[in-house]
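What follows draws every value from the coordinates through simple rules; no lab data is involved. Not measured: the values here are computed from a predicted model. Using ideal geometry, Cβ is built from the backbone for each residue, glycine included, and neighbour counts are taken over all protein chains shown.
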Amino acid sequence: MNENLIYVLAKVDFGRITESRFKDRSDAVQEALRKDYPIVNENNILTTIQFDFNKSNEHKINQSNERIINLCSSNRDWGIRITQNFLMLQTKRYDGFDKFINRMRAILTVIEKEFELYHSAFVGIRFVNKFQYNGDDDFKDVFRRRDFIQPELHFDNSLKAGSNLNAHYFAGFNNLKINSGIMIDGPKVAGEFTDLPSDLGIQSDEILEGVWAHLDIDCFYNEPDVLNDFSVEDITEKYSALRKLANEAYVQIIFAKIPELS
């Protein structure tokens, strides 16, 4: 999968840190991560907007701002965002699961110590793959399961385009979502990622010219309304299970050059 990946995003939710604790220990967290993530991004405020409606259907807009830790590696290949209730790790240079999980483990160890984390919840990882057009409008040499891309509809002098599959599968508390399709002059990274990729130098208006197929594999552990005891080892095991699930989906859909993510 690695050669077709253009973006990977991982997230861990944890029990909310108090504002005072977050403020007091943010510098210590940044210092502990400074060797691997020396770039401090200017965007260090998370803005949340909430719309409240009363019985008269009148609405009130509540806006809140909170400080975040927003760091990048020296070459901007890896980025971190830490808020009072979640961690995000993103990359445009995914180079194997072992390297990814070592980075995640190191960050989790730091924030667990400095913020005294006690609980975790959602754990997820998302792989965004892009495949360039090569003269076959069905991408037959890429996709083993072409029904994951488009149904067989035939029109004269036309290419199939769009995204008409957003499948969701459940494996216990592990979830798998598959979104695939073909786009023409589409964005490099979907707008739903908001400004996250910009930390890595990927602009929201960056366009991939021409015809591209995409395969978005979203794997996550979600046990609704439950907080687990915070454990770096437990989170690592969850990521290993999610990686296996993503691999199984990938090799069923794509003619993979390797049997699984390295």
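Tabulated results
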item	result
Around ASN175: net Lys/Arg minus Asp/Glu count, Cβ-Cβ under 15 Å	+1
Neighbourhood net charge (13 Å Cβ-Cβ; Lys/Arg +1, Asp/Glu -1) for PRO187	-4
Residue among ILE207, PRO197, ASN222 farthest towards the positive dipole end of region 182-222, charges placed on Cβ	ASN222
Net charge contributed by nearby residues that have their C-beta within less than 14 Å of GLU233 (K/R +1, D/E -1)	-2
